[in-house]
Amino acid sequence: MRRKEKEITRREELDHIIHNSLICHLSCSLNDQPYVVPLSFGYDGNAVYFHTAHKGKKNVILSTNPRVCLGFEQEIHIQPDPDLACRWSFHYQSVIATGIAEKIVNPKDRLYAIKQIMLHYSDDDWKISEKELSRTTIWRVILTEITGKKFPADNK
């Protein structure tokens with residue numbers, strides 16, 4: 001990372017940002033054509049979980065090229081400068097993570113994954129039927145690399 005003073009290195013802080021992000025941006029590619037989409041997601045500290053329709057662009061891409069990059073951000077605020085346009089900036093905390101997306105087929109793992117997604121947005125212990133679960137394709141991305149950045153840096 002070029003600006004080391006902005007780098008986040010503590011895993012607890014990286015996890016905190018992921019847990020407090022409302023959406024995850026999934027970046028993937030097929031035939032050198034990039035594709036980015038915002039998703040609802042769940043996170044258990046090791047993997048990110050998301051769901052898709054059974055058919056669609058994400059499924060085609062991920063089934064062909066499962067290498068993905070995920071982006072998360074929180075606490076975003078504009079930092080204006082009253083005098084110079086080029087001094088405007090953002091306050092933010094962000095995480096970029098990479099991994100391999102894998103379709104989850106085991107019913108027990110599918111239920112765990114969908115519950116992780118629901119836990120991200122609700123503290124309720126939802127009862128999810130197999131019929132409901134069968135309506136969606138569920139994916140897991142085990143994080144292989146994770147980096148973070150924030151501004152202003154608090155120099156911890």
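Here, each number is a calculation from the coordinates, and none is a lab measurement. Predicted model only: the values in this text are computed from it and were never measured. Note that we place each Cβ from the backbone using ideal geometry, even for glycine, and neighbour counts take in every protein chain shown.
If I filter the stretch 95-110 for residues that are among the hydroxyl-bearing types (S, T, Y), more than 12 Å from the chain's Cα centre (by Cα) and surrounded by 11 or more Cβ atoms within 10 Å (Cβ to Cβ), do I get at least one hit?
Checked against the condition, which is being among the hydroxyl-bearing types (S, T, Y), more than 12 Å from the chain's Cα centre (by Cα) and surrounded by 11 or more Cβ atoms within 10 Å (Cβ to Cβ), the stretch 95-110 yields no hits at all.
Looking at E13, is it outside any strand (DSSP E or B), over 22 Å from K115 (Cα atoms) and not aromatic (F, W, Y)?
Values: outside any strand (DSSP E or B): yes; over 22 Å from K115 (Cα atoms): yes; not aromatic (F, W, Y): yes.
Yes, satisfied.
Output the number of the condition that L22 fails; it satisfies all remaining conditions of (1) closer than 22 Å to P152 by Cα; (2) not in a loop (DSSP other than H, G, I, E, B).
Here L22 clears every test but (2).
Pick from L39, L22: which is closer than 22 Å to H120 by Cβ and touching a Cys at 6+ places or on another chain (Cβ under 6 Å)?
Values: L22 fails: touching a Cys at 6+ places or on another chain (Cβ under 6 Å).
After applying the criteria, what remains is L39.
From the list N65, N59, N20, N31, exactly one residue is among the polar types (S, T, N, Q) and surrounded by fewer than 11 Cβ atoms within 10 Å (Cβ to Cβ). Which is it?
Values: N65 fails: surrounded by fewer than 11 Cβ atoms within 10 Å (Cβ to Cβ); N59 fails: surrounded by fewer than 11 Cβ atoms within 10 Å (Cβ to Cβ); N20 fails: surrounded by fewer than 11 Cβ atoms within 10 Å (Cβ to Cβ).
Just a single option satisfies the conditions, and that option is N31.
Picking from F50, F41, which residue would you name as being surrounded by 14 or more Cβ atoms within 10 Å (Cβ to Cβ), in contact with a Phe, Trp or Tyr (Cβ under 7 Å, 6 or more places away or on another chain), over 14 Å from H19 (Cβ atoms) and aromatic (F, W, Y)? Quick ask: steps written out before the conclusion?
Working: F41 fails: over 14 Å from H19 (Cβ atoms).
After ruling out the rest, the residue left standing is F50.
Collect the residues in the stretch 19-77 that are closer than 28 Å to Y92 by Cβ and small (G, A, S), keeping them in residue-number order.
S21, S27, S29, S40, G42, G45, A47, G71
Restricting the first residue to the stretch 14-35 and requiring it to be among the acidic types (D, E), which pairs with a second residue that is in a strand (DSSP E or B) meet a Cβ separation below 9 Å and a spacing of at least six or different chains?
Note: pairs meeting the criteria are D15/Y43; D15/V95; D15/I146.
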